[in-house]
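**Q** The structure that follows is given in the form of C-alpha cells.
The values are calculated or read from the model by the stated rules, or taken from the named source; none is laboratory data. Here the structure is a predicted model, which is why all the values come from computation and not from measurement. Positions of Cβ are backbone-derived with ideal geometry, glycine not excepted, and every protein chain shown enters the neighbour counts. Surface areas here come from the heavy atoms of the whole protein model, side chains and all, with no ligands, DNA or RNA. Shrake-Rupley method; radii C 1.70, N 1.55, O 1.52, S 1.80 Å.
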Amino acid sequence: ELFNLITKAIELEIPLLGICGGHQYGAQALTGSSFAVIENPSGPNRGTSNLVFINGSADHPLFYGCSNNHLFQWSHASVVDKLPEGALRLAANTNAVYAAFQRSSFIGLQFNPEFGALKQTGFGVKLMQEILTLHIAEAETEEHRYQLELALDDLRPAPDSAKIFANWVEMIEAGFFK
C-alpha cells in the first residue's frame, strides 16, 4: 500500500522527500519492482562519507549552498540498484551508485541528513555514535566489526545537512515541482 501512496502522490505532483528507507521505497514504487533495491554488495555504509554530485546536480536547488566536501551521515545496508524510468541521477557515493535521484516531485536520498541537521546540539553525531556502537556489538564477523569501528573513529559533523531541509522547504514554497 505504501508504494501505491507514493505513486499516487507523484501523480498528484505532491512533493516527497524520501530519506534512506524512503529513498528505497520510492525507487521500488516508481519502478514497480521490489528488485530495484538490493543488499549492498559493498557491505553496510555507516558513518560520515562524501557525496559526489552527478549530471550537474551541484547546481540543483536541493544542494544549494552545500560546501565542496559534501559530507553526510550514512546508515544503510541496502541500496537502490535500478532507477525508475525517467529519473535523474543526482549523486553517488562509493557505497551507493544511486545515492540521490529525482523523478517528478519525488527526490530520494540514500544518506541521512537528519543526523547531520542535529549537529547544532551535537545530538546528530551522538545519535550516529550510538547506532554504530550498537552495530559493533552485533557484528557477525571481525571484518564487519572492524569496518564499523573505522566508521565510528571517522565520524565527523556534516554541516550541509541542515541546508538540505531548508532548501527543500524553499523549493516547495517557490513552486519548484509545479
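**Q** Does segment 148-163 contain at least one residue that is open to solvent by less than 80 Å² (accessible area, probe 1.4 Å), free of Cβ contacts under 8 Å to residues at least 40 places away in the same chain, of a type outside the set (A, V, I, L, M, F, W, C) and more than 21 Å from residue 115 (Cβ to Cβ)?
**A** Looking for residues that are open to solvent by less than 80 Å² (accessible area, probe 1.4 Å), free of Cβ contacts under 8 Å to residues at least 40 places away in the same chain, of a type outside the set (A, V, I, L, M, F, W, C) and more than 21 Å from residue 115 (Cβ to Cβ), one finds none in segment 148-163, hence no.
**Q** Identify the single condition in (1) in contact with a strand residue (DSSP E or B) (Cβ under 9 Å, 6 or more places away or on another chain); (2) surrounded by 13 or more Cβ atoms within 10 Å (Cβ to Cβ) that residue 43 does not satisfy, given that it satisfies every other one.
**A** (1)
**Q** State yes or no: is residue 91 part of a helix (DSSP H, G or I) and either at pLDDT 85 or above or on the phi < 0 side of the Ramachandran plot (or both)? Please lay out each step first, then the result.
**A** On the way: part of a helix (DSSP H, G or I): no; either at pLDDT 85 or above or on the phi < 0 side of the Ramachandran plot (or both): yes.
Judged against the criteria, residue 91 is not a match.
**Q** Restricting attention to segment 129-166, which residues are over 27 Å from residue 67 (Cα atoms), part of a helix (DSSP H, G or I) and not basic (Lys, Arg)?
**A** 133, 134, 135, 136, 137, 138, 142, 143, 144, 146
Here is a yes/no grid of residues against (1) among the hydroxyl-bearing types (Ser, Thr, Tyr); (2) surrounded by fewer than 19 Cβ atoms within 10 Å (Cβ to Cβ):
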residue	(1), (2)
63	no, no
66	no, no
73	no, no
77	no, yes
82	no, yes
85	no, yes
89	no, yes
96	no, no
104	yes, yes
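**Q** If you don't mind, another one. Out of (1) open to solvent by 40 Å² or more (accessible area, probe 1.4 Å); (2) free of Cβ contacts under 8 Å to residues at least 40 places away in the same chain; (3) on the phi < 0 side of the Ramachandran plot, the odd one out for residue 54 is which?
**A** Of everything listed in (1) open to solvent by 40 Å² or more (accessible area, probe 1.4 Å); (2) free of Cβ contacts under 8 Å to residues at least 40 places away in the same chain; (3) on the phi < 0 side of the Ramachandran plot, residue 54 misses just condition (1).
**Q** Looking only at segment 126-178, which residues are charged (D, E, K, R) and at pLDDT 75 or above? Let's see the steps before the verdict.
**A** Just the residues of segment 126-178 that are charged (D, E, K, R), to begin with: 126, 130, 138, 140, 142-143, 145, 149, 153-154, 156, 160, 163, 170, 173, 178.
Once the filter is applied, which keeps residues that are charged (D, E, K, R) and at pLDDT 75 or above, segment 126-178 yields 130, 138, 140, 142, 143, 145, 149, 160, 163, 170, 173, 178.
**Q** Which of the following residues is at pLDDT 90 or above and either touching a helix residue (DSSP H, G or I) at 6+ places or on another chain (Cβ under 6 Å) or not in a loop (DSSP other than H, G, I, E, B) (or both): 73, 28?
**A** Details: 73 fails: at pLDDT 90 or above.
Answer to the selection: 28.
**Q** From (1) at pLDDT 85 or above; (2) crowded, with 19+ Cβ neighbours inside 10 Å; (3) in a helix (DSSP H, G or I), pick out the condition that doesn't hold for residue 115.
**A** Going through the list (1) at pLDDT 85 or above; (2) crowded, with 19+ Cβ neighbours inside 10 Å; (3) in a helix (DSSP H, G or I), residue 115 breaks only (1).
**Q** What number of residues within segment 6-23 satisfy the criterion of being open to solvent by 40 Å² or more (accessible area, probe 1.4 Å), over 17 Å from the mean Cα position of the chain (by Cα) and either of a type outside the set (Val, Ile, Thr) or at positive phi (or both)?
**A** 4
**Q** Report the residue count in segment 131-178 for those that are more than 23 Å from residue 109 (Cβ to Cβ) and acidic (Asp, Glu).
**A** Matching residues across segment 131-178 total 6.
**Q** Is there a residue in segment 24-32 that is touching a Gly at 6+ places or on another chain (Cβ under 8 Å), closer than 24 Å to residue 166 by Cα and open to solvent by 20 Å² or more (accessible area, probe 1.4 Å)? Spell out how you get there, then give the answer.
**A** Quick first cut of segment 24-32, residues touching a Gly at 6+ places or on another chain (Cβ under 8 Å) only: 24-27.
Remaining after also requiring closer than 24 Å to residue 166 by Cα: 24-27.
From the residues that got through so far, the ones that are open to solvent by 20 Å² or more (accessible area, probe 1.4 Å) too are 24-25.
Taking every residue of segment 24-32 in turn, at least one turns out to be touching a Gly at 6+ places or on another chain (Cβ under 8 Å), closer than 24 Å to residue 166 by Cα and open to solvent by 20 Å² or more (accessible area, probe 1.4 Å).
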